[in-house]
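Asker: Below: one structure in structure tokens.
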Amino acid sequence: MNDRFEMAEKLLKRVKRLRDGLGDHGDPYEESLLTGVVTPELKIIVKEIFDHLRSVLDYCAREVVEKSVATVSANVYFLITNVTFKKENFKSRIGKLLPGILNNRPDLETVFESFQPFYSTQSVWLAEFATLCNENKHEQLSVSKRSVAKVNSEKREEGKVYVRYTKDDGTYPFENGMPLVLHDGYSENGES
């Protein structure tokens, strides 16, 4: 049987195909932009992308546990804490979601810790992603509506461009948290 890393890789390829299909002339994304209404088809595509990405993380966590622990629990999940989670509670969370890792591979604690918002503010996106996945698991995908906003982009050393939306007062202009927005073509100097 294929290992879960291979399954995760195949899911990532599927996500890339779904993402690459958005933005083409006549697709659900363009239709939503033109009509101002997010189509059910676009909601389904976004939900499928989110579900696949969350599964990729869980497949990887399960594969790591299976390769590290003799007896594997039925409940193994990639560990994602929320932004208010305290570092001192992390070991107990690992014990619950990645059973056996602390005893058999204590070196992995710092690896999983590095994905958490308490470790780095650059990991806040993962907590927000998990929240979106959980909120929309059995409900209709929520749509964020934007009022007027400033768009600031910044190129970081690792070559990635980060985009932040703010109102004039510095608050976020979204009713339901940060949106999924497709962007292409941000300049190298951080101006949009």
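Asker: Please list, in order along segment 41-54, the HN-Hα scalar couplings obtained from phi with the Karplus expression 6.51 cos²θ - 1.76 cosθ + 1.60 (θ = phi - 60°), rounded to whole Hz, x for Gly and Pro.
Answerer: 4, 5, 4, 5, 4, 5, 4, 4, 4, 4, 4, 5, 5, 5
Asker: With an 8 Å Cα cut-off and a minimum separation of 6 or more residues, compute the relative contact order for segment 4-135 in percent.
Answerer: 21
Asker: Would you mind checking the pairs LYS10/LYS43; LYS13/LYS47; LYS16/LYS87; LYS43/LYS67; LYS13/LYS86 and listing those with alpha carbons more than 26 angstrom apart?
Answerer: LYS16/LYS87; LYS43/LYS67; LYS13/LYS86
Read the figures in this text as sums done on the coordinates, not as results from a lab. Predicted model only: the values in this text are computed from it and were never measured.
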